[in-house]
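Before any comments, here is the structure.
Every number here is computed from the coordinates shown, using simple stated rules; none is lab data. Everything quoted here is computed from the prediction, not taken from an experiment. Cβ atoms come from the backbone with ideal geometry, glycine included; neighbour counts cover every protein chain shown.
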Amino acid sequence: MLLTGGLKSLLPHMLRRIIRCNRLSVSNTSGMAEGYKKANVVILHKSLADDFEKFCHANHGPLPLLYRSKPGDWKCPSLSSDSDIRTDCLQYNRYEHGAFTGSLKSLKEYSEQLKDMVAFYLGCSFSFEKAVQIAGIPIRNVEQKCNVSMYKTAVPCYSISTFCCNLVVTMRPIPESKLEAAVLATYELEEAHGAPIHVGDAGLLGIQDLSKPDYGDPVHLHPGDIPVFWACGVTGIEAVISCRSPLAFTHSPGCMFITDLKNDSATVRSSREVPEVHCISQDPLRYSVVSAEAAQKIRTLESLIGTDPGDRGIVHLHRQGELLKACLSISHARSVLVTTGFPTHFTYEPPEENDGPPGAVAIAAMLQAVEKDVAIVTDQRAMDLNKKIIEDAVQIGILKKAVPLLSYQRESPYSALTFLCENGNPQRPRFDHLIAIERAGMAADGNYYNARKVNVKHLVDPIDDLFLAAQTIPGITTTGVGDGGNELGMGKVKDAVKKHIKNGDVIACDVEADFTVVAGVSNWGGYAIACALYILSTCELHDRYLRKAVGFPHLSKKTGWLSALPSVTKEEKLLKALVQLGVRSGKTASLEMEVDGLPFYNTHSLVIEKLL
């Protein structure tokens, strides 16, 4: 029997001959024939072959199809010169009516049945191991001399006919400092599953215990390692089980077919499509992936909205990159809660200003377009006003449908938890992202102040409670949008507010959000979030990461997303509607002030045009 020494440098045809003669004393092919493509194998009756091929195309991430044989054809000439699929895998699995019925070293005894069967060769992540190592990234399972860890997830694949199963993934521990390098090393190798489909907490994929893989061996994380998950061809085994075929064969997980093809046929992409990796949550730990081009567009938005028309010193509040991270987090969210409302005009009825509601509506419109649940929470006294604003937004054509309108009251110490989570259970949050835009924020003394240090607490419901509670609930992230430092969520920059903003020592909001978006006018921040969500939705790398590389790209929905973008016409109509409702401008002498020679009001329109 041959041991593992030197197997990494043996040529594929030599390895296949050794495997064929049953002369290897190893349990998997990880690390063998470095730089050559390996393949998962699925062998099905010919009557199922067309549907399985469609299933592969519909779930290209886990099942990149390298070759489909003809019935009874044991060779694969485009992948190897002298192979026999009956003998050239280290080990095979047999399935009968969806049940595993044994492992085999050879399929020769089934030669008669194989005459009516079709072999599928599917890409494998073992193929990219050499590229990862060249990038200076350790392969922990190779170091630990064991098989890679493979897990069933709660992520459903796109079903075709009787093929209906969940995604299977491999996990490789990657040092945190090497995360982006790992994505860069693999994203072009689409025939080896391409870029990771998840980076971070395994529970977000429905994996309960990393120490108990469904296939393969446990791989131990070193201190500082982050679990990184790639789509896995073992998904094909789950598909075989789901179709309950009378007889089917697969490779045993980790015992791959080794091809003669070098792993250097990467998809050619432009530098604009190079991926970036960003951490968007610590509890649970979650990273996101976006193209450099999309990220730069969003950074440009952030710069544009940072214009300070009132010269109030907000430049000192800016935190670079917050808009990008906020929108990546929102993009991953399932259900979003938005709040707005600043009763600046405390002696009038209604006391609200017109900065905030238009931005909130713009965010809600884009969230509707990208098919997320969205609701708005506001003060009980302002429910009728906000209901009318929403109705006007639907009539104008900004919103597709009315947004649910909620109010929050502090009735007990558990009110916020009960509001945010089903039955007050922090394991079951109703919302996974909260956005405050131009919402009065609680100062350190418990009061709420406008820019002139007037306390308006009597007009403000304690919606801050929800943001404070969210800090203790895993899975809920928050964003605050403001233009003066006294808005909900601006606690993250309160020291800068106290130092650089007039009256900042009194008015600074003390409540933090995870992400702080600072704009010259808060509405601009809302428009920027809407535009950034559109940019992310049209980013192929981000779209693939969101859908876990299963199903089809969502770009066919682009027309609907375009129609949800904010526009000058929409903004002007909504602002006129607000005037009719008695809502006033909140910026001092806003219509008289000029920016670049234009009235302040028109600068809203200028910024929107630039954003688009």
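Summarising the amide proton neighbourhood of residue 291: residues at separation of 5 or more, or on other chains, whose placed amide H is nearer than 5 Å comprise 276, 541, 542. Using C-alpha pairs below 8 Å separated by at least 6 residues, the relative contact order for segment 441-572 is 21 percent.
Judged by the mean number of other Cβ atoms found within 10 Å, the most tightly packed of the peptides 273-280, 529-536 leads the ranking 529-536, 273-280.
Simple spin-label estimate for residue 407 and residue 584 gives 2.4 nm between the two label positions (7 Å along the Cα-to-Cβ direction from each Cα).
Pairs over the 31 Å Cα-Cα cut-off, from the set 387/557; 46/105; 401/498: 401/498. Placing +1 on each Lys and Arg Cβ and -1 on each Asp and Glu Cβ, with no other charges, gives segment 322-611 a dipole about its Cα centre of roughly 620 debye. Note on the chain: antiparallel DSSP beta bridges, both residues inside, total approximately 70 percent of the bridges counted. Would you mind checking the tilt of helix 292-305 against the longest principal axis of the Cα atoms of the chain, expressed as 0 to 90 degrees and rounded to 10? Orientation of helix 292-305: about 0 degrees from the principal axis. Distance from the C-alpha centroid of segment 145-171 to that of segment 13-74: 16 Å, rounded to the whole angstrom. Here segment 185-200 and segment 232-251 have alpha carbon centers that stand 23 Å from each other. Contact order, relative form, for segment 322-611: 22 percent (alpha carbon pairs under 8 Å, 6 or more residues apart, mean separation divided by residue count). Which of the residue pairs 70/115; 400/570; 37/75; 372/576; 388/457 have a Cα-Cα distance greater than 19 Å in the structure shown? Too far apart for the 19 Å limit: 372/576; 388/457.
For the pair residue 563 and residue 47, a Förster radius of 30 Å applied to the C-beta separation gives a FRET efficiency near 0.10, rounded to the nearest 0.05.
Using C-alpha pairs below 8 Å separated by at least 6 residues, the relative contact order for the chain is 14 percent.
Between 0 and 90 degrees, the angle of helix 357-369 with respect to the longest Cα principal axis of the chain falls at about 20 degrees.
Axis angle, to the nearest 10 degrees, between helix 383-396 and the longest C-alpha principal axis of the chain: 60 degrees. Peptides 506-514, 242-250, 430-438 ordered by packing proxy, namely the average of other Cβ atoms within 10 Å per residue, highest first: 430-438, 506-514, 242-250.
Projected label points at residue 101 and residue 380, each 7 Å from Cα along the beta carbon direction, are separated by 6.8 nanometres. From the Cα gyration tensor of the chain, with a ≥ b ≥ c the square roots of its eigenvalues, which class applies: rounded if a/c is under 1.5, or else prolate if a/b is larger than b/c, or else oblate? Judged from the Cα gyration tensor, the chain comes out prolate (a/c at least 1.5, a/b above b/c). Each peptide in 483-496, 47-60 was scored by the mean count of other Cβ atoms within 10 Å over its residues; highest first, the order is 483-496, 47-60. In order along segment 169-181, phi translates into HN-Hα couplings of 10, 9, 10, 10, x, 10, x, 3, 5, 10, 4, 5, 5 Hz, rounded to whole numbers, per the Karplus curve 6.51 cos²θ - 1.76 cosθ + 1.60 with θ = phi - 60° and x for Gly and Pro. Note on segment 322-611: antiparallel DSSP beta bridges, both residues inside, total approximately 25 percent of the bridges counted. In segment 322-611, the inverse of the mean reciprocal separation of distinct Cα atoms equals 19.1 Å; this is its Kirkwood hydrodynamic radius.
State the antiparallel share, in %, of DSSP beta bridges confined to segment 282-425, rounding to the nearest 5. Of all bridge pairs located within segment 282-425, approximately 10 percent are antiparallel. Taking amide H positions as modeled 1.01 Å from N, with prolines and chain starts lacking one, the residues under 5 Å from residue 198 and 5 or more places away or on another chain are 229.
Taking a point 7 angstrom from the Cα of residue 334 along the C-beta vector, which residues in segment 149-182 have backbone N less than 15 Å away? Under cut-off, by backbone N: 154-156. Within the straight-line cut-off of under 14 Å between alpha carbons, the aspartates and glutamates reachable from residue 558 are 371, 540, 543, sequence neighbours fewer than 8 places apart in one chain being disregarded. Positive-end ranking of 250, 397, 344 along the dipole of the chain, with charges on Cβ about the Cα centre, is headed by 250.
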